[in-house]
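Trainee: Mind looking over this structure? Questions follow.
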Amino acid sequence: MASTSPFTLRWGIIATGWISQQFVKKTDLLSSNRNVEDVAHSLVAVGSRSVETAQSFIRAYGGGSDNTKAYGSYDEVFADPDVEAIYIGTPHTKHYENARDALAAGKHVLCEKAVTSNAAELRALLKLAKEKNLFFMEALWTRFQPLTQEVKRIAEEGTLGLPVSMHADLSGDFDIENIPKTHRILDPQLGGGALLDLGPYPMIWAVLALYEHPANKKARPTSISGAMVKTPLTGVDSSTSFTLNFTETLRAQATLTCSITLPNMDPAATIRYRNGSILIHPPIYKPTSFTVQYFDKPGSGKVVREVKQTFDILGGGWHYQADEVARCIRDGKIESEVWSHDKSLLLMDVFDEVRKQGGYVFPSGVEKVV
Ligand SMILES: NC(=O)c1ccc[n+]([C@@H]2O[C@H](COP(=O)([O-])OP(=O)(O)OC[C@H]3O[C@@H](n4cnc5c(N)ncnc54)[C@H](OP(=O)(O)O)[C@@H]3O)[C@@H](O)[C@H]2O)c1
């Protein structure tokens, strides 16, 4: 008789900051109360630059297990033979080295966004992952949430027609005048600024609506135009806009914006078609509702039907991506089909180009592969 016990993925967590706490805390990774029966997760080890911090992280977020090991370095987690997969929650500019060391030690990797400082670092990681036959994924959790899957279904089922134009924004007011210049959102050594921190989210929706649209046939943008406003505090971008044309197979354009000095806007993403629009309500990293407007005839703009869908998100919403990682590793895959390597590479190539046009140069030594 076939076993019904779930495949349990044994995680090691790198860094104990805000996002690692969200990823691990009981309602997410370790909860058995979210109607998932085929995969589960266990927290084998936590690595921090301080062992005391790792210990208190486990006490606070470890789900009460006495078996989770606390380490005062990341290398000890990579070396632990009980750990199968590493979750990387360090600042952006540390991701490359952390992921490289994890892969070199034979571990699968789920790495926070922005996945690396630049596209060359990501290409080097993907090459290593392939050589070692290990799973690697950027932690773009939004793409795995049930609402996002439903938006994709509607965007592709045909009633709205082909996408023509879209706008997506993610902004967050970080109160930059009153935080230390060493905060990761301001420090260029840590890849600070709006683009790398917030830009992945407008990009997720551009990828879903345009790049992934079957009529686009996976064609990359034919042009990228970017503009940055910098803060005099540290020179990182406080507001950035970038426009992507998809004209090889579509006649479509994405206008994407992000800012670290503004709150969210509603709708946070609008995808426009000749027959109607899809409006995604904020926050675009974890929306709980969206509205589809249908016009009476193509191009009229007269809304004759409006359908709003609302979704409950269990816990913080990070476990959907963790379950995807577990399923892929269980099935021997080295990349997810949902957020595949080509999409992460597209994001990093776009960010490189926008940084180039915006004149944002990292301090010497930040980029480990150029
Ligand atoms: N998916 C999402 O929704 C989401 C949300 C927020 C952030 N993120 C991403 O997650 C990453 C971390 O963001 P966060 O908000 O968690 O940051 P954070 O609270 O500052 O935590 C970062 C952690 O990284 C470790 N670290 C290693 N080297 C560091 C250095 N030189 N300076 C500062 N910290 C260092 C520290 O952990 P130890 O002291 O334990 O070593 C620190 O606690 C970023 O890449 C960000 O884009 C994702």
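Trainee: Can you name the number of the only condition in (1) closer than 19 Å to Ala326 by Cα; (2) in contact with a Leu (Cβ under 7 Å, 6 or more places away or on another chain) that Glu138 fails?
Mentor: Just one mismatch for Glu138, condition (2).
Trainee: Can I ask one more? For segment 98-150, what are the residues that are among the polar types (S, T, N, Q) and either more than 14 Å from Ile86 (Cβ to Cβ) or assigned to a loop (DSSP other than H, G, I, E, B) (or both)?
Mentor: Filtering segment 98-150 for residues among the polar types (S, T, N, Q) gives 98, 116-118, 133, 142, 145, 148-149.
Hits for segment 98-150 are Thr116, Ser117, Asn118, Asn133, Thr142, Gln145, Thr148, Gln149.
Trainee: Give Leu134, Leu196 a once-over and let me know the one that is closer than 20 Å to Met348 by Cβ and either β-branched (Val, Ile, Thr) or within 16 Å of the ligand (Cβ to nearest atom) (or both).
Mentor: Working: Leu134 fails: either β-branched (Val, Ile, Thr) or within 16 Å of the ligand (Cβ to nearest atom) (or both).
Just one listed residue meets the conditions, Leu196.
Trainee: Let me ask something else about it. Identify, by number, the condition in (1) of a type in the set (S, T, N, Q); (2) surrounded by fewer than 23 Cβ atoms within 10 Å (Cβ to Cβ); (3) within 16 Å of the ligand (Cβ to nearest atom) that Thr116 doesn't meet.
Mentor: (2)
Trainee: Which condition number does Pro180 fail, the rest of (1) part of a loop (DSSP other than H, G, I, E, B); (2) touching a strand residue (DSSP E or B) at 6+ places or on another chain (Cβ under 6 Å) being met?
Mentor: Just one mismatch for Pro180, condition (2).
Trainee: Residue by residue through segment 32-55, note down the ones that are under 15 Å from Asp75 (Cβ atoms) and surrounded by 23 or more Cβ atoms within 10 Å (Cβ to Cβ).
Mentor: Across segment 32-55, the qualifying residues are Ala45, Val46, Gly47, Ser48, Ala54.
Trainee: Out of the residues in segment 172-185 that are in contact (Cβ under 8 Å) with a residue 60 or more places away in the chain and within 14 Å of the ligand (Cβ to nearest atom), state the one that is surrounded by the fewest Cβ atoms within 10 Å (Cβ to Cβ).
Mentor: Across segment 172-185, the extreme among qualifying residues is Gly172.
Trainee: Tell me the strands (runs of 3 or more DSSP E) entirely within segment 210-282 that contain at least 3 residues that are more than 20 Å from the chain's Cα centre (by Cα) and surrounded by fewer than 21 Cβ atoms within 10 Å (Cβ to Cβ). Give the steps one after another, and end with the answer.
Mentor: On the way: elements: 223-230, 237-246, 252-259, 269-273, 276-280.
The qualifying strands (runs of 3 or more DSSP E) are 223-230.
Trainee: Another question, then. I'm trying to understand the selection: among the residues of segment 199-214, which are of a type in the set (A, V, I, L, M, F, W, C) and within 12 Å of the ligand (Cβ to nearest atom)? Spell out how you get there, then give the answer.
Mentor: Taking segment 199-214 as the starting set, the residues that turn out to be of a type in the set (A, V, I, L, M, F, W, C) are 203-210.
Scanning segment 199-214 gives a single hit, Ile204.
Taken together, the values in this text are just the output of simple stated rules run on the coordinates, not laboratory data. Since the structure is predicted, the reported quantities are computational estimates derived from the model, not experimental observations. Cβ coordinates were reconstructed from backbone atoms using ideal geometry, including for glycine residues, and neighbour counts include every protein chain displayed.
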